[in-house]
Amino acid sequence: MAKNIIIVGSGNAAMSAGIAALEAGAEVLMLEKADEALAGGNTKYTAGAMRFAYNSSEELIPLLTNPADERIARTDFGSYTQEKFSQDLLGFNEGMPLSAEQQYLISNSYDAVKWLAGHGVTYEPIYSRQSFEKDGKLVFWGGLTLAAQNEGVGLYDMEAAAFEKLGGKIRFNAGVTGLVTSDSGVSGVMIGDETVSADAVILACGGFEASDALRQAEFGADWAHAKVRGTPHNTGEGLDMAFGLGAQRYGKFDGCHATPMDLHMKNFGNLDMPPKQRKNYRKICYFLGVMLNAHGRRFVDEGINFRNYTYAQFGRAVLEQPEHFAWQIFDSKVFDLLYEEYRFEDASFVEADTLDGLVAKLYGVDQPQALKTLKDYNDAVDGTVAFDPTILDGKATKGLPLNKTNWAQKFDTPPYRAFPVTGGITFTYGGVRVDNTGCVLDAGDTPISGLYACGEMVGGVFFGGYPGGSGLTSGTVFGRQAGIGAASG
Ligand SMILES: Cc1cc2nc3c(=O)[nH]c(=O)nc-3n(C[C@H](O)[C@H](O)[C@H](O)COP(=O)(O)OP(=O)(O)OC[C@H]3O[C@@H](n4cnc5c(N)ncnc54)[C@H](O)[C@@H]3O)c2cc1C
């Protein structure tokens, strides 16, 4: 008889689990806390970018919405081997070897993306943010090449269509409040007073980034000031329910993905706008300039690596500065390289024709120190090295207490612009531990029968940082695992 499975949540991990479970012959009911407009969780707020290992452009072509795009012929996608993906994750592992979860993510990454393509999900090259034009070629950098067509909303729509086509059902406004157990293990869920029975439950209901109380408890008081970049609904209930049944706390609970965001954005992400404008609050081009805190000082090496490898950590760095904000400073040489969100009409910024004039407009800052920092920086820029944003160009400052390692250009071409930013949390890293069927493990590594988890809820995948585009791939890899596991367990 077909297994009857409940999936809690309706984001990418839930959809991947649902499609896999249906493929394996189960009947699936998805229960989503949000209404239909906000269903799809953080997945809908994403750029849809998915990081996966590939050996050549040949492996990308079958995934594309439009393989006949005239740009493809002059595109250098390079390759992104499993070894490179491993090195990228290891770079954030704070000295630890790859976890079993990371190895599983890497080795299943391409298969997962291709499997989704087999269910009608198609992808587009991320020309605007991941490539630069060089000698007539469009050269990709940083190993991240494709995003789902029409970004996160597109991914959700394509996945939901596949899920429903296979017979899956979704209930909106159905926030799960508890797990039901019987002698055989987890046997259903509670939605308030209502009990819904199932042979197995897959938790795919996100981390705790939208809970003020949990953020402060795990990360500290600074995090009361964090903007939430995505859904207000990921408040850690799934984790609480799992821990209530003895699930193991696993991974880095004081770790999270957080990026610099417009200081004046609303407290949560905004789904009301079309996808291209939805991300206009993110401010991650600091590598083309510098960031100053309220004391007028730089506090990170803005050019330490490609921004794919720094943006998820620098939100925390900003949030932990005095008054929890910073200014990003640029001159007009790089305006064309700034991502489009810097040019949207509601982007916050100040502008002046001199550095003195700009600094006079930086509110909340020690202005004399800010001016000194910018002048010292200008004096320290190595003028002998050419600027090249497609590579780690080694164009550095010399002799500063905190040098900038790459892409350090003088501020010498007015007008100058400064953008005020704060930290916005994207998602949390700590979670539950699952076995190789996606089943949740208790503190003694024994499976909790009937309880599965995937997506943001799985711990052990990210530690000190995050190579951009890995969250969605992780959701699909672990979602697929949980779907198959629950359908056949
Ligand atoms: C602005 C932004 C941009 C991003 N860009 C990218 C990107 O380009 N590439 C990338 O790889 N990652 C990106 N991410 C990260 C990515 O969103 C997550 O890794 C991914 O969406 C997690 O998927 P998920 O299915 O686990 O969680 P979600 O997609 O958040 O889904 C969780 C769902 O569970 C629901 N839920 C919560 N509690 C309950 C409950 N009690 N009962 C029922 N339902 C519940 C929520 O409403 C939500 O719909 C981005 C995130 C944000 C916020």
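Since every read-out is calculated from the coordinates, none of them should be taken as a lab result. Predicted model, so just to flag it, every value in this text is computed and none were measured. Positions of Cβ are generated from backbone atoms using ideal geometry, with glycine treated the same way; all protein chains shown enter the neighbour counts.
Taking amide H positions as modeled 1.01 Å from N, with prolines and chain starts lacking one, the residues under 5 Å from residue 179 and 5 or more places away or on another chain are 190. For the chain, the relative contact order is 24 percent, taking Cα pairs closer than 8 Å that sit 6 or more residues apart in sequence and dividing their mean separation by the residue count.
Placing +1 on each Lys and Arg Cβ and -1 on each Asp and Glu Cβ, with no other charges, gives the chain a dipole about its Cα centre of roughly 640 debye. The calculated FRET efficiency for the pair residue 222 and residue 70, based on their C-beta separation and a Förster distance of 56 Å, comes to about 0.70. Subtracting the Cα-Cα distance of residue 173 and residue 94 from 0.36 nm times their residue separation leaves 24.4 nm of extension gain. Only helices enter the 222 nm calculation for the chain: every DSSP H run of n ≥ 4 contributes -39,500 (n - 2.57), and dividing by all residues gives -7500 deg cm²/dmol, rounded to 500. Projecting label points 7 angstrom from Cα along Cα→Cβ for residue 356 and residue 182 puts them 8.0 nm apart. Per-residue Cβ neighbour counts within 10 Å put 377, 309 in the sequence 309, 377, beginning with the fewest. Taking a point 7 angstrom from the Cα of residue 84 along the C-beta vector, which residues in segment 125-167 have backbone N less than 13 Å away? Those under the cut-off are 131, 139-146. At q = 0.11 Å⁻¹, work out log10 I(q)/I(0) for segment 1-160 with the Debye formula, treating every Cα as an identical point scatterer and leaving solvent out; two decimals please. Here log10 of I(q) over I(0) equals -0.52.
For residue 481, neighbours were defined as the other residues whose beta-carbon sits under 12 Å from its Cβ, and their charges (Lys and Arg +1, Asp and Glu -1) total -2. For segment 258-424, the equivalent ellipsoid derived from the Cα gyration tensor has semi-axes of 24, 18, 15 Å, listed largest first. Here the convex hull built on the C-alpha positions of the chain has a volume of 137 cubic angstrom per residue. Between 0 and 90 degrees, rounded to the nearest ten: what's the tilt of helix 470-488 against the longest Cα principal axis of the chain? The helix 470-488 is inclined about 10 degrees to the chain. Listed by chain and number, the lysines placed with their C-alpha closer than 19 angstrom to that of residue 395 are 134, 333, 375, 404, 410; residues fewer than eight positions away on the same chain are left out. Taking a straight Cα-Cα cut-off under 14 Å and skipping sequence neighbours fewer than 8 places away in the same chain, the aspartates and glutamates within cross-link reach of residue 361 are 351, 353.
Candidates 488, 428, 263 compared by Cα position along the dipole of the chain: farthest toward the positive end lies 263, with charges placed on Cβ. With contacts taken as Cα pairs under 8 Å at a separation of at least 6 residues, segment 24-158 carries a relative contact order of 39 percent.
Angle, helix 151-165 long axis vs. longest principal axis of the chain, Cα atoms, 0 to 90°, nearest 10? On a 0 to 90 degree scale, this one is about 10.
Computing FRET efficiency as 1/(1 + (r/R0)^6) for residue 164 and residue 402, where r is the C-beta to C-beta distance and R0 is 56 Å, gives about 0.60.
Extension gain, residue 212 to residue 340, is 43.1 nm, computed as 0.36 nm per intervening residue step minus the present C-alpha separation.
Name all residues of segment 98-115 having a backbone nitrogen under 16 Å from the label point set 7 Å from the Cα of residue 435 along its Cα→Cβ direction, giving them as ranges. Answer for this model: 101. When only the Cβ of Lys, Arg, Asp and Glu is charged (+1, +1, -1, -1), the dipole of segment 344-449 relative to its Cα centre reaches about 280 debye. The calculated FRET efficiency for the pair residue 379 and residue 264, based on their C-beta separation and a Förster distance of 30 Å, comes to about 0.40.
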